[in-house]
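These notes are about the structure you will find just below.
The values are calculated or read from the model by the stated rules, or taken from the named source; none is laboratory data. What you see is a predicted model; the values in this text were computed from it and never measured. So basically every Cβ, Gly included, is an ideal-geometry build from the backbone, and we count neighbours across all protein chains shown.
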Amino acid sequence: MSSWNDFLGPLLYLNDPSQYTLSLGLQQFQNEISTEWGLLMAATFLMILPIIILFFFLQKSFIQGITFTGIKG
């Protein structure tokens, strides 16, 4: 979980902007003068969209896993 949200590690190790992770790419929408909030929100939505789609396709499996966790054999 900690490597999923890691920001500082890739920032230190990557020199080429084309290899940046998604969190570093989102940070590029902000600068000292202004922030493009519309572009930042659109990019954030596109970043979390695959996770939301995956959840909806696997929702039944998640719920069954939670339901059967406390049941003994």
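Selection of helices (runs of 4 or more DSSP H) fully inside the range 2-71 by the criterion of at least 2 residues being surrounded by 10 or more Cβ atoms within 10 Å (Cβ to Cβ) and out of contact with any helix residue (DSSP H, G or I) (no Cβ under 9 Å at 6 or more places or on another chain) returns 37-57, 59-67. Contact annotation: no residue pair with Cβ atoms under 8 Å, 6 or more positions apart or on different chains, pairs a residue in the range 18-37 that is closer than 21 Å to Asn5 by Cβ and touching a residue at least 24 places away in the same chain (Cβ under 8 Å) with a partner that is charged (D, E, K, R) and surrounded by 11 or more Cβ atoms within 10 Å (Cβ to Cβ).
Among the residues of the range 23-34, at least one is in contact with a strand residue (DSSP E or B) (Cβ under 8 Å, 6 or more places away or on another chain) and at pLDDT below 90.
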